[in-house]
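These notes are about the structure you will find just below.
The values are calculated or read from the model by the stated rules, or taken from the named source; none is laboratory data. Predicted, not measured: the structure shown is a model, and the values here were computed from it. Note that we place each Cβ from the backbone using ideal geometry, even for glycine, and neighbour counts take in every protein chain shown.
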């Protein structure tokens, strides 16, 4: 029910996903609205179910308060359905903090996990790089970062099929001893987890596949993502404004259209659909607020891949052993 | 003597600066090498002086150790010349940490300044934004950030001519109460400085001129700069690789050349020459390692503007009053 786009767009995505993956989808929200919207689409009755939820947590609401007060919000109902086994995975394109809070309240953490983390997977020309935490935990201790490494690498190994994922530590210098107190202490903590540790990684190398998983505190990770987004946006603005001003540039841009499409795809945070919330003991995915129907389809795909790979079970084992 | 490019390129920049600004320049380094290089250029004898320095601190040397051991390194000699009044301002395109250390050891801080900060000025389509600290202080307390605000705003006011510079606090959310412990505590600290505080600023808005000065700890600031740089580099890579592959794209790129030049200029960290090291009690500027002759010219210009505006004196007063 939440997110930046209207429910109709999200529902259209669910219908597309049902056909693409031959799977069933459960939609949680305003029953009348959802049923009415579903009438416009073709699918078999057993493929789409609706679980009613009478409340909505808006994009700007304070997560903790909203989740306590709105027990019948779609995100709360969804997480309860997940806990009770009515659904196998849950995804929301709504308020990220509310999804995190609802997942913690209604589903709970994997045993031993101190703090679940939000992840993002970035497409580099050489391959995928997962970064976590990107905003769930603004203040961290080295142990959290060690767990992020274990959770992220286990996900990348089983879902992306990377045999031996390499871990990098988000930092502002390459050598050991660089960075703030947390980064320095976390450097040593990384030797306590079982995946190969390549050392510090500076964010100017984020888009070069130097490692498979980058770990850092959620404040830093969030800054990195938003800075990259800001730069991409500025470049697009500069190109658009210049192109508008001259016919020569317009013709050039038309000829180069394919290049700009590739650029947009590669800098699009929606490209892999929703990102897994790692450390929750059932699959919860957080979508971008601007998720459209295509993003919903990708999200259902990501969720299915995670389920088929039994990644939550693998993460539970890894944390029990090394967490 | 340091930096990524050979001394010949930097010396060429000095000669260009002498002609452009009708000012004198003092070059510090290997006397024989510098004099030999200067023979290739035309200028009046009194315009360029050389102060000999027999040692060099390389780009990868640990700053503290190198500055202690190499008392005759060009950066150390330069900072001593500044202290002794032989020169009015000092700029180095070499090892940033060494410049910071040498400035602290040989020149010293403005009275009352706890930590000098490295700044960067970003060109947005709407105007200049200064961000600090971008790497001198990985761990900060709110008081440092308050001082960064005072130093940055005073610089922007007197050198860039912004009448009433607005301060923003680097953070991962807009509302008060967002962010890590430092950001939350610094939000309140900002009321203790005299410039208008617009609140938190997320780095996706870095390039939108929502304020004139953005303050944050040096770890965060450095991550932001390097993330933006990484994204810009990836976009350029994508464009170049696609263009290579098709004649149609090549023709398009040729027609759009002016657009790409503008894009390069706007994302070029060298565009304003060296960045001031704020909080040192005489003018010290830090250049990008890749500074070329043009960057040296811009740096001399930046230094002259700072001197003409008596910005160090203004910062000393502002810190005495509000620091």
Point to revise | Residue in the stretch A:66-89 that is surrounded by fewer than 22 Cβ atoms within 10 Å (Cβ to Cβ), in a strand (DSSP E or B), in contact with a helix residue (DSSP H, G or I) (Cβ under 9 Å, 6 or more places away or on another chain) and touching a residue at least 24 places away in the same chain (Cβ under 8 Å) present | key: no
Check your understanding: Among the listed residues A:203, A:194, which satisfies the condition of being more than 13 Å from chain B (Cβ to nearest Cβ) and in contact with a helix residue (DSSP H, G or I) (Cβ under 7 Å, 6 or more places away or on another chain)?
Key -> A:194
Revision key, fill the gap. Restricting the stretch B:220-242 to residues that are more than 7 Å from chain A (Cβ to nearest Cβ) and within 16 Å of the chain's Cα centre (by Cα), the one farthest from residue B:288 (Cα to Cα) turns out to be B:221
Revision key, fill the gap. Within the stretch A:166-187, the residues that are over 14 Å from residue B:139 (Cβ atoms), at pLDDT 95 or above and surrounded by fewer than 21 Cβ atoms within 10 Å (Cβ to Cβ) are A:166
**Study point:** Unmet requirement for residue A:156, which otherwise passes all of (1) away from chain B (no Cβ under 11 Å); (2) surrounded by fewer than 20 Cβ atoms within 10 Å (Cβ to Cβ)
**Key:** (2)
Review point. Does residue A:310 count as within 14 Å of chain B (Cβ to nearest Cβ) and surrounded by fewer than 22 Cβ atoms within 10 Å (Cβ to Cβ)?
Key: no
Check your understanding: Can you tell me which residues in the stretch A:261-275 are within 11 Å of residue B:235 (Cα to Cα), crowded, with 19+ Cβ neighbours inside 10 Å and at pLDDT 80 or above?
Key -> A:263
Practice item. Identify the single condition in (1) surrounded by 18 or more Cβ atoms within 10 Å (Cβ to Cβ); (2) in contact with a strand residue (DSSP E or B) (Cβ under 8 Å, 6 or more places away or on another chain); (3) at pLDDT 90 or above that residue A:209 does not satisfy, given that it satisfies every other one. Key: (1)
Check your understanding: If residue B:97 passes every condition in (1) buried (at least 23 other Cβ atoms within 10 Å of the Cβ); (2) assigned to a helix (DSSP H, G or I); (3) within 14 Å of chain A (Cβ to nearest Cβ) but one, which one does it miss?
Key -> (1)
